[in-house]
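The values are calculated or read from the model by the stated rules, or taken from the named source; none is laboratory data. It should be emphasised that the depicted structure is a prediction, and the values quoted were computed from it without experimental measurement. Ideal geometry is used to build each Cβ from the backbone, glycine not excepted, and the neighbour counts take in all protein chains shown.
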Amino acid sequence: MSNHEKGVSLTDNHSTTRRGFFKGAAVFLLPFVFRRARAEVAPRKREVKSGTRLWGMVIDLDRCTACQSCVIACSVENNQMLGNPQEAAMGRVIRWIRVQPVVKESAGGSRQSLMPMPCMQCEDPPCIKVCPTAATFLDPEGIVGQVYPRCIGCRYCVNSCPYTAKFFNWETPSWPKPMAEAQNPDVSPRYKGIVEKCLFCHQRLQRAKEKAAFEKRALAEGDYIPACVLACPAKAIAFGDLNDPGSEVSRLSQSPRAYRLLDELGTEPKVSYLREE
Amino acid sequence: MKEGFTRRDFFKIGALIGAGYALPRVIGDEICKPKEDGLPPLNAESFVPTICRQCPALCLQKIRLVSGKPVGVEGMPGHPLNQGALCSKGLAVLQEFYHPDRLTGPLKRRGPRGSGDWEKISWPAAANLVRSQMVSVERNPGAFGIFSGSFGLQGKVMEKFARAFGTPNFWRPHWEPSEPPLDAFRNPRGVPEKISYDFNSADLIVSFGWDWLQQMDSPVEVQRLFSELRRGRQGHRTRFLHLESQLSISAAKSDEWFPILPGREGVAALCVAHVLISEGLYDKGLSERRVKGFDSFKRMVLKEYPPDRAEKDCGMRAEDIRRIARAMGSVKRSLAITWRSSLFNQEAVNSLNLLTDNSDLIHEIRDFNGAFSLSKATHSEKTPLADIKKWPKFFLNASRSPIEVLLIDGFNPAFTGPDPSAWKEALGKIPFIASFSPFMDETSSLADLILPPPVSIESWQGGVAESLDGTAFFNFAPPAVQPLHDTKDAADFALGIARAMGGRMASLLPWGSFEEALRGVAKGYGAGKDLKKGGWRKIAPPVHGASLQASLENLKTSDGGDLFEADKSGYPLKLCVQFPLCFSRGEGAHLPYLQSLPGPQIGEQWETWAAIHPQTASRLGIEDRQMVWVSSSSGRIRARARLYEKMDTHTVSIPFGLGHSEMGRWAAGVGSNPAEIVAIEASSGKPRWQGQGVNIHV
């Protein structure tokens, strides 16, 4: 069949060839395939079973004094890198919780808010959608986890996190002797080429669960408290189970002062702030 | 084929049986036995109490030990003062314990002073050396002196040691940026040792240049106080106004911030007083009746401090001055607070509390650490030969040093200054210096003998912790861990010397060890039996002494200083030294975690920055992040220029705490020390932390 004849047969006779049929079918099916694929990448909001705990935090900015005890408590608990002037100049000193100045414009002028920022532990975390190795994941109790041996250091998650709460290790952290002895044995040290993040002091949850199991009782409110919450002199950070309507954190997160950072992105952070008046 | 049991068979079977016996052992011992140590037993976690000695607050801490090794730290839950929380410095104590550059034993100078040439010696040899030096001045005890910056009971032992030797030359350094305006008050003995602001009773708190959330003593309690004032009481939220040359942390946390030229708070306060008086917002009857010198004060303020003056002298709008005054006048209970800066500033700011009749919100509180002594008074109460503020000048002016033997404990004036170079020079004139320091600091590097004490968690500890309202607690704790190095507590060392000296010294300091002295004090507070467990005892509820006298009589019409010399002398900008909490008292830069804290608002860490307003920068042709020199009549330092919109346009702001030449790998060579460009006012001996004339150039 010549090219000319082929063209005529398709346009003039309206007859369908076998090839044409497959083409049409493929085009017809394409949206279905995409939709399916998209559904796999971005699952709809997961169903949290009743009775499951959902860990959340509320930071009262009216109580917070930006003293940064939380920053050091976190560093000590989680074996954070020591830092040095060179790394600081490149912005590579890793601190899982940082106090960040945020300028808010209002009718009365601009106002600087100093906000302690840990990982927001999103219910719909952008970071896990881009991870090619499932190194970062949402655990059943709402904590966004990070499995270091699975991480290949692609930094997709670092770039996708709107809160800049994920950090890449550009160098092997240096721990001169005997400083390394200060490391918390419950927390694995990180190494060059992987990403790390705030895990709500997951090791403390583990310990609290083990302790409760040993004592043959259920986990109670206050058994599990992250290091930053415990250290806060201003008692500005509340922590607990968002699924328990009676918990302090549930109550505070319903306060008229409560808001979530970049809520419009739909990430559904489990860290809320209470604004200053 | 041969029959029977041959010799060869015998050996074969013998070898097999031998192997049968030996192999299981070899396999058992060499192959099956794991080569690594077993896992530590479960539940190896334990918690032991200790006392933080990073500042005079003496917070009780809980050290987390896993398999006997300290790996974590928390505040002691239930303690009335820190209530389970800690400040950033307290949380970093393990880095001090494990610091790789700690001194591992006593060092004796071998080369010339400051050459860094040291030799190790033993503790008995060090004790002999100090003793022989002390014996050489026994006939003239005034030639012996001690600086003791140690917090808690250790410092008390050192004081007693000096008194027992018969010298009046015992100095305890003060850190004025953390103190309230003590000089504005008088009690029958003079300037009170301690005062307390009753923040809880105030509806409005106006801070005149005091970044109090970062600077005030007892940082844990201060943060909690702020939180409680804001949210702790239903339906009552204290308002804060803040005047400072830059948007500091306290300014950012306040409801309103008013930029002002550094050091000009006193003038602004008198302009506010003018509005209070002229608009009749003060408590007329009470102020006029109670306050001495009110009439002349009124005349002076009305004549010389109209609100317009603030525009010229303070860089503030007259309208803002009126707003502050009206805010103060419209509430019943307001407090004007400031720090122990120039006398004029202290008195001028406090005059507002007199005018609004709120001076009853300021109480004198008992200085327990100052008052409490180890036994009945046996001291010579003579005053030291020079005030600590004027110390370097006094020594530099003397042809021959009146002090021949000096012990320095927990004090590093060659870094914190003020005027560190004068201190270095003055120390250089003293024939023999022994320094107690766990690190090679700037002062120790100029000493003849360095005696490293154990760090807080390695030693017996006790001391009186005082809350902001005057409640006092006796905190005590045994060593939490074994010492890492060959160290000796300064108090133990002093007691050893006293024993060896014999006679009067041995009888006045009869304790065999610091632990024994501590036990005696603990018994007095009913804590003798619990000493090994650690804990606390409440020893006194707040006692408010007779009301403080503050008068307006002596307030000068101007600050009398030469703050305005600047423009003429080529230093058109004003310096504002910032005191971050993580480096309070100029200490903390040697702990790497603290290095990432000082500049959250500017995003700076691990270096010294000079914050300037973008307008000023563009006028001077300076770009953001450019390295610049900041110079004053006293010297110049290098800093990284950072543009910060939230500050006064005539101000350069520099944080204090960095710029060490010693103190280990994380501090030495990092940043610059603004104390080097701060001049000392000749009359008062006060450093000009705020308002020093400076210039900034590339």
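Structure values in brief
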{"read-out": "Residues being polar (S, T, N, Q) and modelled with pLDDT under 95 - total across the range B:413-442", "value": "2"}
{"read-out": "Residue check for B:Leu204: modelled with pLDDT of 95 or more, out of contact with any His (no Cβ under 8 Å at 6 or more places or on another chain) and away from every other protein chain (no Cβ under 14 Å)", "value": "yes"}
{"read-out": "Single residue of A:Ala218, A:Ala258, A:Ala182, A:Ala238 found to be over 29 Å from B:Ile63 (Cβ atoms) and in contact (Cβ under 8 Å) with a residue 24 or more places away in the chain", "value": "A:Ala258"}
{"read-out": "Selection status of B:Glu265, among the charged types (D, E, K, R) and within 12 Å of chain A (Cβ to nearest Cβ)", "value": "no"}
{"read-out": "Among residues of the range B:414-438, those that are closer than 17 Å to B:Ala675 by Cα and either assigned to a loop (DSSP other than H, G, I, E, B) or in the same structural domain as B:Gly588 (by TED's automatic domain parsing) (or both), counted", "value": "3"}
{"read-out": "Search result, residues across the range A:75-111 that are polar (S, T, N, Q), at the interface with another protein chain (Cβ under 9 Å from one of its Cβ atoms) and over 26 Å from B:Ser250 (Cα atoms)", "value": "A:Gln80, A:Asn84, A:Gln86"}
{"read-out": "Residue in the range B:439-449 that is in a strand (DSSP E or B), more than 14 Å from every other protein chain (Cβ to nearest Cβ) and within 23 Å of B:Asn128 (Cβ to Cβ) present", "value": "yes"}
{"read-out": "Elements of type helices (runs of 4 or more DSSP H) contained in the range B:61-176, each with 2 or more residues being closer than 30 Å to A:Cys70 by Cα and within 14 Å of chain A (Cβ to nearest Cβ)", "value": "B:88-91, B:93-97"}
{"read-out": "Answer from B:Ala325, B:Ala336 - the residue that is in a helix (DSSP H, G or I), hydrophobic (A, V, I, L, M, F, W, C) and at pLDDT 95 or above", "value": "B:Ala325"}
{"read-out": "B:Asp255 vs. criteria at pLDDT below 95 and more than 14 Å from B:Phe199 (Cβ to Cβ)", "value": "yes"}
{"read-out": "Neighbours by Cβ (under 7 Å, 6+ apart or cross-chain): first from the range B:621-638, touching a residue at least 24 places away in the same chain (Cβ under 8 Å); second aromatic (Phe, Trp, Tyr) and surrounded by 12 or more Cβ atoms within 10 Å (Cβ to Cβ)", "value": "B:Ser632/B:Tyr571; B:Ser633/B:Tyr571; B:Arg636/B:Trp629; B:Arg638/B:Trp629"}
{"read-out": "Residue in the range A:112-119 that is more than 14 Å from every other protein chain (Cβ to nearest Cβ), part of a loop (DSSP other than H, G, I, E, B) and touching a residue at least 12 places away in the same chain (Cβ under 8 Å) present", "value": "yes"}
{"read-out": "Residue match in the range B:304-314 (condition: assigned to a loop (DSSP other than H, G, I, E, B) and surrounded by fewer than 21 Cβ atoms within 10 Å (Cβ to Cβ))", "value": "yes"}
{"read-out": "Residue ID - surrounded by the fewest Cβ atoms within 10 Å (Cβ to Cβ), chosen from residues in the range B:159-218 that are among the basic types (Lys, Arg) and within 22 Å of the chain's Cα centre (by Cα)", "value": "B:Arg172"}
{"read-out": "Tally, over the range A:105-122, of residues that are at pLDDT 95 or above and in contact with an Asp or Glu (Cβ under 7 Å, 6 or more places away or on another chain)", "value": "1"}
{"read-out": "Out of B:Ala667, B:Ala610, B:Ala617, B:Ala639, sole residue that is crowded, with 19+ Cβ neighbours inside 10 Å, out of contact with any helix residue (DSSP H, G or I) (no Cβ under 7 Å at 6 or more places or on another chain) and within 13 Å of chain A (Cβ to nearest Cβ)", "value": "B:Ala667"}
{"read-out": "Residue match in the range B:68-90 (condition: outside the structural domain of B:Leu531 (by TED's automatic domain parsing), modelled with pLDDT under 90 and of a type in the set (Asp, Glu))", "value": "no"}
{"read-out": "Flag if B:Pro141 is touching a residue at least 12 places away in the same chain (Cβ under 8 Å), within 30 Å of B:Phe240 (Cβ to Cβ) and either crowded, with 22+ Cβ neighbours inside 10 Å or not acidic (Asp, Glu) (or both)", "value": "no"}
